[in-house]
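Have a look at the structure below, then the notes.
The values are calculated or read from the model by the stated rules, or taken from the named source; none is laboratory data. Here the structure is a predicted model, which is why all the values come from computation and not from measurement. So basically every Cβ, Gly included, is an ideal-geometry build from the backbone, and we count neighbours across all protein chains shown.
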Amino acid sequence: MAEYRSQARDKDGIWYFEKYKSKADFTIKVVKHRSLADLLVYYVPYRSQAGWRKSHPWTGRLR
């Protein structure tokens, strides 16, 4: 998670948390079972660990 929205813009692996749902581009719903999820979200301690591998076919598609 980035501290400021501008830090997360156009980056696949860094997201910004909006306080109000109406301001969000999309919402995340937490599900009880992993099999019910459409997208898995992982928190990592360092910004350098966030994102896709450079060779991943989805790189650049989460804009």
Completion exercise
With criteria (1) charged (D, E, K, R); (2) surrounded by 10 or more Cβ atoms within 10 Å (Cβ to Cβ); (3) at pLDDT 70 or above, Asp12 comes up short on (3)
Exercise for the section: Only residues in segment 22-33 that are within 20 Å of Ser6 (Cα to Cα) count as the first member; pair them with residues that are assigned to a loop (DSSP other than H, G, I, E, B), Cβ under 6 angstrom, at least 6 apart or cross-chain, and list the lot. Expected result: Ala24/Glu18
Exercise for the section: Scan segment 33-47 residue by residue and report those that are loosely packed, with under 10 Cβ neighbours inside 10 Å and either in contact with a strand residue (DSSP E or B) (Cβ under 9 Å, 6 or more places away or on another chain) or not small (Gly, Ala, Ser) (or both). Expected result: His33, Arg34, Leu36, Asp38, Leu39, Leu40, Val41, Tyr42, Tyr43, Pro45, Tyr46
